[in-house]
Amino acid sequence: MARLRPDELAPVQRLREICLSLPEATERATHGEPGFFVRDKKLFVVLDDHHHGADHLAFWCAAPPGAQEACIGDNSERYFRPPYVGHRGWLGVRIDNDPEWDEIAEVVRDAYRQVAPKTLGAQLDS
């Protein structure tokens, strides 16, 4: 994991708070980066801390069918197709360029819904 710059600590903490606010969400390292899991088993978000020298701070997340293409088409400066998991429809989301945190929270909730058991996903709607 690359070392976060001081200006990157706040966005990572904000992402962490969003992820851990979801029912039975946990955090642990995966592939050297913070990952967020449902019931400590199913990954729904992983931090992209300048992965392999990338020029951005971002996260990768599970996404509903078609969301990757739609998001990238709407805002290619915020969204991208991540390596390794992009071919499975996962979405890359930059958080180093003053994101709209309400939008980020909705993307994270959608990621959670993709992997969480239906009973937990339903708690988001109640």
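The values are calculated or read from the model by the stated rules, or taken from the named source; none is laboratory data. These numbers come from a predicted model, not from an experiment. Ideal geometry is used to build each Cβ from the backbone, glycine not excepted, and the neighbour counts take in all protein chains shown. To get the accessible areas, we keep the full protein, side chains included, count just its heavy atoms, and leave off ligands, DNA and RNA. Shrake-Rupley method; radii C 1.70, N 1.55, O 1.52, S 1.80 Å.
A few notes on this one:
- Of the listed requirements (1) more than 17 Å from N97 (Cβ to Cβ); (2) touching a residue at least 60 places away in the same chain (Cβ under 8 Å), L20 misses just one: (2).
- Matching residues, region 93-126, being in a helix (DSSP H, G or I), out of contact with any helix residue (DSSP H, G or I) (no Cβ under 7 Å at 6 or more places or on another chain) and surrounded by fewer than 16 Cβ atoms within 10 Å (Cβ to Cβ): D102, E103, E106, K118, T119, A122, Q123
- Residue pairs whose Cβ atoms lie under 8 Å apart, sitting 6 or more positions apart in sequence or on different chains, and linking a residue in region 25-47 that is free of Cβ contacts under 8 Å to residues at least 12 places away in the same chain to a partner that is basic (K, R) and surrounded by 14 or more Cβ atoms within 10 Å (Cβ to Cβ), are E27/R16.
- Selection within region 63-92 - surrounded by 22 or more Cβ atoms within 10 Å (Cβ to Cβ), among the small types (G, A, S) and either part of a loop (DSSP other than H, G, I, E, B) or on the phi > 0 side of the Ramachandran plot (or both): A63
- Scan of region 1-24 for residues that are surrounded by 14 or more Cβ atoms within 10 Å (Cβ to Cβ) and either basic (K, R) or out of contact with any Asp or Glu (no Cβ under 9 Å at 6 or more places or on another chain) (or both), ordered by number: R14, L15, R16, I18, L22, P23
- Residues within region 1-32 that are within 12 Å of L57 (Cα to Cα) and of a type in the set (D, E, K, R), tallied: 4
- Residues located in region 28-43, provided they are of a type outside the set (F, W, Y), open to solvent by less than 70 Å² (accessible area, probe 1.4 Å) and within 14 Å of the chain's Cα centre (by Cα): T30, E33, P34, G35, V38, L43
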